[in-house]
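Participant: Have a look at this one before I ask anything.
Nothing in this text is a laboratory measurement; each read-out follows from the coordinates by a stated rule. Note that this is a predicted model, so its numbers are computed, not measured. Here the Cβ positions follow ideal geometry from the backbone for every residue, glycine too, while neighbour counts run over all protein chains shown.
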Amino acid sequence: MPLMEPAAEALKRAQDAGIDLSLIDCNLALSYEERVQRHQSALDLMLTLREAGIAHAESAKTAPEIRGS
Amino acid sequence: MPNLQKLLQKFAEADFDFVIVGGFAGVLHGSSYVTDDLDICAALSPENIGTLRSILRDANPVHRMTADKLSFMDYPAPSTAVANLYLETDIGVVDVLGNVLGLGDYNRLVKNSIEVQLGGHVCRVVSLPDLITAKEAVGREKDLLVVKELRAIAAKRGIDVPPPAGSA
């Protein structure tokens with residue numbers, strides 16, 4: 001058994017799990033600052049979408065077709 | 001809206017020793033997974049807890065795992081050491097861990113940690129091999145999926161990591 005994991009095996013396992021290896025390449029081309037900024041943008045979007053989803057679900061509960069009016 | 005960048009900046013600006021761990025460390029290493037909290041490892045001595053209070057004073061920190069969201073400014077009592085702190089602040093959630101499963105305490109983590117420049121300050125981040133070890137120690141499905149990505153990042157960067165447990 002090798003002492004360290006062969007790179008090719010690690011990449012194949014990631015790809016088989018559905019991980020987009022090209023995204024890794026994009027991230028590794030960024031500076032640490034840029035990675036943090038990109039992540040904050042993604043987090044902002046995720047939370048905005050989550051709030052929109054919650055608002056939509058709430059409004060759907062009171063939709064006329066549900067109220068029966 | 002939580003801002004982990006601003007939250008981290010508060011710690012980075014203060015005279016406080018910590019190592020970034022968890023999902024945010026993964027981000028710094030190149031992971032695409034989004035995390036909505038900041039995990040750091042630090043020595044949670046009574047003195048350091050006092051320093052944390054100074055850092056978070058303006059951010060309304062509370063113990064988010066307590067039913068009444070007790071204020072961190074009041075609890076724990078002075079001269080009390082704790083194992084971990086699970087805090088919610090006005091600018092985001094931060095977990096301050098005295099010990100990281102699979103790795104150890106701050107002194108252990110800092111040995112292999114890397115330094116990164118963020119916002120004009122030097123921050124310490126858990127090394128990629130150590131982050132992989134920690135995530136595998138936790139062992140939840142989501143952690144093991146992230147580990148696959150982290151191992152791919154290590155492979156692309158030529159960083160040696162031990163093979164996964166049980167691999168042939």
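Participant: For residue A:29 paired with residue A:15, estimate the spin-label separation in nm (one decimal), with each label point 7 Å from Cα along the Cα-to-Cβ line.
Facilitator: 1.9
Participant: If you don't mind, there's one more thing I want to ask. Based on DSSP H runs of at least 4 residues, each adding -39500 (n - 2.57), what is the mean residue ellipticity at 222 nm of chain A after dividing by all its residues, to the nearest 500 deg cm²/dmol?
Facilitator: That comes out to -24000 deg cm²/dmol.
Participant: Could you calculate the FRET efficiency of residue B:14 with residue B:112 from 1/(1 + (r/R0)^6), where r is the beta carbon distance between them and R0 is 30 Å, rounded to 0.05?
Facilitator: Calculated transfer efficiency: 0.80.
Participant: List B:124, B:64, A:50 from most exposed to least, where exposure is judged by having the fewest other Cβ atoms within 10 Å.
Facilitator: Least to most surrounded, the residues fall as A:50, B:64, B:124.
Participant: Where does each of B:33, A:32 land when they are ranked from fewest to most other beta-carbon atoms within 10 angstrom?
Facilitator: Starting with the residue having the fewest Cβ neighbours, the order is B:33, A:32.
Participant: Further question on the same structure: Pick from B:29, B:121, B:63 the residue whose mean-square fluctuation is largest in a GNM of chain B, springs joining Cα atoms under 10 Å.
Facilitator: B:121
Participant: How far, in degrees from 0 to 90, does helix B:4-13 lean away from the longest principal axis of the Cα atoms of chain B, to the nearest 10?
Facilitator: Around 70 degrees separate the two axes.
Participant: Pick from B:155, B:43, B:59: which is most flexible by mean-square fluctuation in a GNM of chain B where alpha carbon atoms under 10 Å apart are linked?
Facilitator: Comparing B:155, B:43, B:59 in a Gaussian network model of chain B, the most mobile one is B:155.
Participant: Using a Gaussian network model of chain B with C-alpha springs under 10 Å, which one of B:58, B:68, B:39 is most mobile by mean-square fluctuation?
Facilitator: Comparing B:58, B:68, B:39 in the GNM, the peak value goes to B:68.
Participant: Still on this structure, I have one more. For region B:28-63 and region B:65-97, what is the separation of their Cα centres, given in Å?
Facilitator: Here the answer is 10 Å between Cα centres.
Participant: For B:143-155, what's the mean count of beta carbons from other chains sitting within 10 Å of each residue's beta carbon?
Facilitator: Shielding by partners across B:143-155 averages 6.
Participant: Sticking with this structure for a sec: Any idea what Rg and Dmax come out to for the protein assembly as shown if you just take the C-alpha atoms, in Å?
Facilitator: Gyration radius and largest Cα-Cα distance of the protein assembly as shown: 19.9, 70 Å.
Participant: What is the angle, in °, between the Cα long axis of helix B:46-56 and the longest principal axis of the Cα atoms in chain B? Nearest 10 is fine, range 0 to 90.
Facilitator: Computed tilt is about 90 degrees.
Participant: Output the pairs from B:69/B:111; B:111/B:135; B:111/B:156; B:10/B:111 with a Cα-Cα distance over 27 Å in this structure; if there are none, say none.
Facilitator: B:69/B:111
Participant: Quick one: length gained pulling residue B:99 to residue B:160 fully straight, 0.36 nm per residue minus the C-alpha distance?
Facilitator: Working it through step by step, the gained length comes to 19.6 nm.
Participant: Could you work out, residue by residue across A:45-53, how many beta carbons of other chains sit within 10 Å of that residue's beta carbon, and then give the average as an integer?
Facilitator: The shielding value for this peptide is 1.
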